[in-house]
1. From Cα pairs below 8 angstrom and at least 6 apart in sequence, can you work out the relative contact order of the stretch A:231-293, rounded to a whole percent?
2. To the nearest 10 square angstrom, how much accessible area does residue A:59 have with a 1.4 angstrom probe?
3. Give the angle, between 0 and 90 degrees and rounded to the nearest 10, that separates the Cα long axis of helix A:2-29 from the longest principal axis of the Cα atoms of chain A.
4. What 222 nm value per residue comes from the helices of chain B, counting each DSSP H run with n ≥ 4 as -39,500 (n - 2.57) and dividing by all residues, nearest 500 deg cm²/dmol?
5. Just need the relative contact order of chain A here, percent rounded to a whole number, with Cα pairs under 8 Å and 6+ apart.
6. From the cross-link list B:3/B:87; A:3/A:220; B:47/B:87, which pairs have alpha carbons spaced over 30 Å apart?
7. Per-residue counts of other Cβ atoms within 10 Å, averaged by peptide: what ranking do you get for A:211-219, B:239-247, A:24-32, highest first?
8. If you keep only loop residues by DSSP, which chymotrypsin sites (Phe, Trp or Tyr not before Pro) in the stretch B:1-92 have at most 10 other Cβ atoms within 10 Å of their Cβ?
Amino acid sequence: MAKYIGKRLLYMIISLWMIVTATFFFMRIAPGNPFASEKKLPPEIEANLNAHFGLDKPWYAQYWEYLVRIVNWDFGPSFKYKSQTVNDLINEGFPVSFLLGMEAIFIAVAIGVLLGIIAALKHNRWPDYTAMIIAVLGISVPSFIMASFLQYFLAIKMGIFPVARWETFMHSVLPALALASTPMAFIARLTRSSMLEVLANDYIKTAKSKGLSSGVITVKHTIRNALLPVVTYMGPLTAGILTGSFVIEKIFGIPGLGAHFVTSINNRDYTVIMGVTVFYSILLLVSILLVDIAYGIIDPRIKLAGGKKGE
Amino acid sequence: MEKLLEIKNLEVSFQTYGGTVKAVRGVSFDLHKGETLAIVGESGSGKSVTSQSIMKLIPMPPGHISGGQILLNGDDIVPKTEKQMEKIRGKEISMIFQDPMTSLNPTMKIGNQITEGLIKHQNMSKQDAKNRAIELLRLVGIPMPEKRVNQYPHEFSGGMRQRAMIAIALAANPKLLIADEPTTALDVTIQAQILELMKDLQSKMDTSIIFITHDLGVVANVADRVAVMYAGQIVEMGTVDEIFYDPRHPYTWGLLASMPSVDSDHSADLAAIPGTPPDLTNPPKGDAFAARNSYALAIDFEEEPPMFQISETHFAKTWLLHPDAPKVEPPEAVKKRIRQLSSTFEKPVLVKEGK
């Protein structure tokens, strides 16, 4: 197991290096520079600025410097927010985004799995149709439209939740719901189809022939096997929630990391783009690793390479 | 001998988009304590549906038992609720399925799959149940049961899984074991081992077995009596000797003639039964087998044949046994095996309805 995780960590570092390299060069290829958007600067000042941020050095020197900095977990100063470093931006924004993301993932998984199970157990009856109508709506309505709907009905018309901003728990409910709606619908459909597949399996008949009640069969024999595809989906789901949160954060005026990501690209704020990209990449790689480990725990048929304990 | 199971005129149908499929159309048979009854027939003949109805394991809906009685120790289980059935399944009746690769839960330890039933039916503590599971695994011939009990199905070979499946089925000492083609998915040497094991366990535990198969070789090996099913009906039933040495129904002749044997020479073709079983959404008028039957009489296309009794234990549902029927010779392959059995009546007797 330790050997397996070590190997995976090594692969993660290689992937990260590739991401850093690709982002670094693609960003430089893009036209414009961090100081281009403002009013025309005198060439001397621009040269000074370039020198200050090290942009006057040849590309390989910049690239090398950047790699060394990342290894030391230093993403450098922001080009736009003069007094802040990228680390400051991440430290401020990430906890907010993380909280929102976790809340959304929790809602998506809890409600999605529940809807899927109900739909499968009541296959082709009204609960199934109801759950699937909710799922189709969730998949086909984009999160930003869902966000506006929630704001209009639950906040403005009914006044249950605040419209926007990030202060109390109540403030987080609507954005989390909006963010969760699509993955929740997807999980519901996934759970339903995999439950139906498992229910048609012979071992469910075996369980029934032992005289177990349908409740015990559902909990002990069906759900565990049916959740495997859902666990697989958790990796991409984390990515989806993180990227999805850019839009939602904007709509609800939430001071998360997503806003920085979007504005930094428009500003050609090189260090912020790089820093946030690297940071998100690490999150994603870690979540995929966690999913793979969880998979090995849930399904004994999947032996993580290197973990030959059972042989 | 005491009757354990009595099935009277069982009818099972399935609602489908194409209409109602009458999968089982009036099946009756008895099963005594400690006896093995083989049910043979082609795919779709209703043998699996019949056996699963005994445990009420057919999916309802779309399936439902539309008529008849299933008496277990004299108690009709057809009207029983799911809750009541849970007390019968696993405890009174158990089942072994065809494919051991899919009939065990892949994410659950073998031991837990055995103990589940024990804990439910015999109120055992977890530790007692586990000890009993180890004992059962040893009983079904699995080496190192203490280690195996903590393993998952994927760590077992096909034959070992079927042994584990038998251990699960026998866990609560059921009175009736239904084996639905338990050896079909196994290779031949393993088949023989599993059959030996089942016979051995049957003599130890005095269980009755309903053995469903399409392999007549297996039937000869394990069964006391044989029921031949076709299109949802039993067309011939008798002791093993009666079915193998004195078959009376043309369908049984067809089955026997299509069975390869080691001493048949290569020049002789295996006789296949032509055509396919009828569509049971609209069962044909008359004898369901008539269209595929080269011995079919004119009446076969008009009226369903009644059951005739050939000996105390031997029944066949064919017009050929009627006193007015022309005398026909069974196919060569069957004629070779026919022997005079002492128990045979002088003349076939028409069985009155309701008997």
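The values are calculated or read from the model by the stated rules, or taken from the named source; none is laboratory data. Model, not experiment: these values are computed from the prediction. Because the Cβ atoms are built from the backbone with ideal geometry, glycine has one as well, and the counts that use them run over all protein chains shown. The protein model used for the area step is the full one, side chains on, heavy atoms only, and it has no ligands, DNA or RNA in it. Shrake-Rupley method; radii C 1.70, N 1.55, O 1.52, S 1.80 Å.
1. Details: 36 pairs, mean separation 26.5, N = 63.
Normalised by residue count, the contact order of the stretch A:231-293 is 42 percent.
2. Probe radius 1.4 Å; accessible area of residue A:59 about 150 Å².
3. Tilt relative to chain A: about 50 degrees.
4. Numbers: 11 runs with 102 residues, N = 355.
Taken over chain B, the calculation gives -8000 deg cm²/dmol.
5. On the way: 339 pairs, mean separation 83.5, N = 311.
Averaging sequence separation for qualifying contacts and normalising by length gives 27 percent for chain A.
6. Numbers: B:3/B:87 21 Å; A:3/A:220 32 Å; B:47/B:87 24 Å.
Pairs exceeding 30 Å: A:3/A:220.
7. Values: A:211-219: 16.9, B:239-247: 21.1, A:24-32: 11.4.
Descending packing order for the listed peptides: B:239-247, A:211-219, A:24-32.
8. Details: sites: B:14, B:17, B:29; in loops: B:17.
Hits after loop and neighbour filter: B:17.
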